Amino acid sequence: MKQPRKHPMKSPVESPVESPVQRSMNCLQLATVLLGCAVLTACTTTYVPPVEPAPPVMAEPTPEPAPQPAPVVVNPAPQLPPPVATPTPEPVAPAATPTSTLLASVQSAVAAGDLDRGAALSERALRISPRDANLWYQLALIRYRQQRFSEAGDTARRALSMAGSDAVLQRQINTLLQQIGSGTP
Amino acid sequence: MAGMASPNSSTGRSAPHAPSPRSPRWHVPRFVWHLLLWSTLAFAGWCVWIDFEVRRDFEALQWALPARIYSRPVELYAGAHISQQHLVDYLQRLGYRRSAQVAGPGEYQQGEERVRLRTRGFQFWDGVEPPVYAELDFDGRHVHSLQGEGASELALLRLEPVEIEQVNPTTGEDRLPVALNEVPPELVNAVIAIEDQRFYTHHGIDPIGIARAMWANIRAGGIVQGGSTLTQQLIKNLYLDREQTLRRKAEEALMAIALELHFSKEEILTAYMNEIFLGQDGNRAIHGFALAAQHYFGRPLNELKVDELALLAGIGRGASYYNPLRYPDRAVERRNVVLTRMHERGDITDDTFTRGQKAKLQVREKTGSRSGYPAFMELVYDNLSRDYDSAALRTEGLRIFTTLDLTMQNSVEAKLDGAVKAVERANAKTPLETAVVITDANTGEVRALAGGRQRGYSGFNRALHAVRPIGSLVKPAVYLAALESPDYSLATVLSDREIGIPQPKGETWRPQNYDREVNGDVYLFDALERSLNLATVDLGLKVGVPTVVEALQRLGYNGDALPYPSLLLGAVDMTPVEVAQIYQTLASSGFRSPLRAVEAVTTATGEPLAYYGIETTQVADPAAVFLLEHAMQGVFERGTARGALNTLGDRMPLAGKTGTTNDLRDSWFAGYGNDLLGVVWLGHDDNTDTGLTGATGALRVWATLMKELDITPRQITQPAEIQWEQVPARPVADAGRRDCNEAMSLPFHNARLPSVDYTCEVNESFFDRVLDRFRSLGQ
């Protein structure tokens, strides 16, 4: 069968011969992937900010929002129940979630060197759980390994924008962003 | 045979001119011998040519295969957003059979609370999804639990995608080629029983069969039986365009013999199974048994029962005459003839025979959506045209995986016409038209698309092609440009007062608010929530129109927008899809993802060719987008979209913006929750006035659709730079006159906190903040 006119899959930037330093860095990256997967930050604790009254506004002081940045609903409607009650019921058996199952597949694809498949699986997980900062971080790691630095950077920044109060994940993402900064030719 | 006769008959015709039989041999004229010799040579040459032709054509036999286009596959897991009814609808689209007990793949059982099913498995672009057994409980519109065989743990399950369209080859032929070992043996038996009982022993033509057929025809006084073999029928099908003359018949017979000489019975049978014409579906010709199984029964070949296989084998003789969708009685009669033959030959047991004859014909239900999704498909072809030409799509059997959410698309189509009717003026001269774009708010994948209000509408695709002024939908770009600069915050006081802007040609542009009122000093956030035109012009002119155009382009607008002040109020034309792109970036906190309708392309056998993954590019400061969203949520809570609270009150917070254009020609709404983004446009094709604003028209349609789609409330992460401050409820330009008896809390970028003179913060925190300022300066 003939191939289509063009092969639109973007191929990673041609990799020069790996220096030992680079190789050890890749090992470090792999370790980071595994660690990141293990941590699997479930940072979706929803903080509801003080309900502010609609204008005209009462003089009584509204409580200060928590100093810690946390995922919040910007501006909940005053008279409505807080949106913490997401319509998604909790899984009955939380042992294996769809994302943890997919992340395990991501790991084995990455370990087998099939980064394209790893990326596709991360994105499948993201379609299920699009605001999971860790999933964006995993995708950023794969893009970095594919030497698609610009995409890796944007994806990592998106992860950071969702990391909320997860200091460990924030540190990991910032480390990756530094590496991307130095990895870009 | 007839071909053989032709040289003889020419000798025969020459006989009267020849001398009597008693004459000596040498009296036969030379020219008769010449004629005989040349005829024989010509015949031999003809045979050689036919032999060559058949070999060449059969060896090169490679069908042009249509591209198959699939919907997004349904993912099932505890918490997945799908109701029991929607799941069952989807399974029926896949041709799953409802049964009392799930025995094989492609079957499901529906209890009151529980659905049990066994999937077929599928080769996706990212690997194989194996067939599995699963049980699901539901909790309203969500999956409550998912379990595997024997209540085992099953975290995630991906169903097969639904084939929504094919791109047919120019021949109009469609087929699903199968190897012989994928064909159920019962089908092979049925075909041989009804078409060619001596298939394995003859050499292409079957003299016994022909004699018997002739005898049967003579007795019946008409054509009741054909004597041609499977091989001859295959030839006939392969060269279908040839006219049926005696010479062609002879040629077919010779070709059949040649084919048998060079190819095995298995090769010939395989070709027959895939080539035979079995029906017509619009402009698409159904070839081969595998596709016929899908066409008539909606299920794959290996899931059919003996009676269904016998029916398919039977209709080969006259696909339109025995069409089971149209003439079920004829088809059943024919099926029973096949079953009888099979029974006589000992292919099936007495029991199978009796049950098969009694079996009720269960053809595919006419879904009615056979017309497909033309508006969405246009976007798919547009996406594909970047990488594939139409020849590749028509011949190579590509599998194209799209982002279309069938459940969502069907819900939109089911509700749209009624929702438009509900806002349409009773005395409208032309029908009110609409366009709808629904995307995944996080990834930019297009989930549903409507190019008009009628279901399955295939005319002018307004979602892609209706280029209209966007009115106030442009305002978020104005406010984002402001909030990104260090000079503005949500508490900036704008002037909502009459203004005259000199135009290049000498006249003066005098914008007005929609209600023709002026509001004096207003907060920036309030001006966006209430969509105040005068305050927006005040802000936009201070920020600079080119800066606004630049923001618009960063958000994803690719066209040229002239930097005139009227742009600030929406004098820029866009299609609904272009608007969706801009709001997509806002919904994703300033990360732009191109809208996509295609996710992946594989070969016919499932090898990945292309994967169009999630792209994301940061184009705006997430903190500025967070501030903007505060006001865009306010649009629902206090502003122009608060009318939607009746419908969507339990879905708040949501973010969005209304849009209305001059003389009420266009009514727009663009808005998003956590999961979905939707853009609705309403207007007349002749560009006349609709009598609707964004709030009285498009917003109401949007709310009806989003209620149906079960949009989820916004939950976004507050960036670390955000700090909340108290400001006076009533905006005053003069700080000395601020009234802190009534205060409210607003989010600020911590590098752009309002001047202490303007806030209502208490003193302790004031000193802290001064100290903080010094600290930050020192860094």
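Observations on the model:
- Residue match in region B:455-468 (condition: in the same structural domain as B:Ala597 (by TED's automatic domain parsing) and more than 36 Å from the chain's Cα centre (by Cα)): no
- Checking B:Pro622 against (1) within 9 Å of another protein chain (Cβ to nearest Cβ); (2) under 23 Å from B:Arg530 (Cα atoms), the condition it does not meet: (2)
- Residue check, B:Leu464 surrounded by 24 or more Cβ atoms within 10 Å (Cβ to Cβ) and either outside any strand (DSSP E or B) or touching a residue at least 12 places away in the same chain (Cβ under 8 Å) (or both): no
- Hits in region B:683-740 - residues which are within 14 Å of chain A (Cβ to nearest Cβ), surrounded by fewer than 18 Cβ atoms within 10 Å (Cβ to Cβ) and either assigned to a helix (DSSP H, G or I) or in contact with a Cys (Cβ under 7 Å, 6 or more places away or on another chain) (or both): B:Lys707, B:Cys740
- Beta carbons closer than 8 Å, at least 6 apart along the sequence or on distinct chains, pair a first residue in region B:323-347 that is assigned by TED's automatic domain parsing to the domain that holds B:Gln197 with a second that is surrounded by fewer than 18 Cβ atoms within 10 Å (Cβ to Cβ) and of a type in the set (Val, Ile, Thr) for B:Pro324/B:Val363; B:Leu325/B:Val363; B:Pro328/B:Val363.
- Residues (over 13 Å from B:Arg592 (Cβ atoms), in contact (Cβ under 8 Å) with a residue 60 or more places away in the chain and at the interface with chain A (Cβ under 7 Å from one of its Cβ atoms)) located in region B:610-619: B:Ala610, B:Tyr611
- Looking only at residues of region B:704-716 that are in contact (Cβ under 8 Å) with a residue 60 or more places away in the chain and more than 24 Å from the chain's Cα centre (by Cα), we find that the one that is farthest from B:Thr661 (Cα to Cα) is B:Ile716.
- Residue pairs whose Cβ atoms lie under 6 Å apart, sitting 6 or more positions apart in sequence or on different chains, and linking a residue in region B:389-400 that is within 10 Å of chain A (Cβ to nearest Cβ) to a partner that is at pLDDT 85 or above and assigned to a loop (DSSP other than H, G, I, E, B), are B:Gly397/B:Ala604.
- Residue identified as out of contact with any Leu (no Cβ under 8 Å at 6 or more places or on another chain), in a helix (DSSP H, G or I), assigned by TED's automatic domain parsing to the domain that holds B:Gly451 and closer than 26 Å to B:Ala735 by Cα among B:Leu541, B:Leu567, B:Leu534, B:Leu552: B:Leu534
- Members of region B:597-609 that are under 18 Å from the mean Cα position of the chain (by Cα), more than 8 Å from chain A (Cβ to nearest Cβ) and farther than 22 Å from B:Ile438 by Cα: B:Thr602
- Among (1) within 14 Å of the chain's Cα centre (by Cα); (2) modelled with pLDDT of 95 or more, the one test that B:Ala435 misses: (1)
- Considering region B:245-289, and only residues there that are over 13 Å from B:Gln233 (Cβ atoms) and among the β-branched types (Val, Ile, Thr), the residue that is nearest to the chain's Cα centre (by Cα) turns out to be B:Ile286.
- Scanning region B:130-173 for residues that are part of a strand (DSSP E or B) and away from chain A (no Cβ under 11 Å) yields B:Tyr133, B:Ala134, B:Glu135, B:Leu136, B:Glu163, B:Ile164, B:Glu165, B:Gln166, B:Val167, B:Glu173.
- Every residue from region B:71-98 that is more than 19 Å from B:Gly148 (Cβ to Cβ) and among the hydroxyl-bearing types (Ser, Thr, Tyr): B:Ser71, B:Ser83, B:Tyr90
- Exclusive hit being buried (at least 21 other Cβ atoms within 10 Å of the Cβ) and in a loop (DSSP other than H, G, I, E, B), set B:Ala644, B:Ala610, B:Ala620, B:Ala604: B:Ala620
The values are calculated or read from the model by the stated rules, or taken from the named source; none is laboratory data. Given the structure is predicted, the values throughout are model-derived calculations rather than measurements. Heads up, the Cβs are rebuilt from the backbone with ideal geometry, glycines too, and the neighbour counts pull from every protein chain shown.
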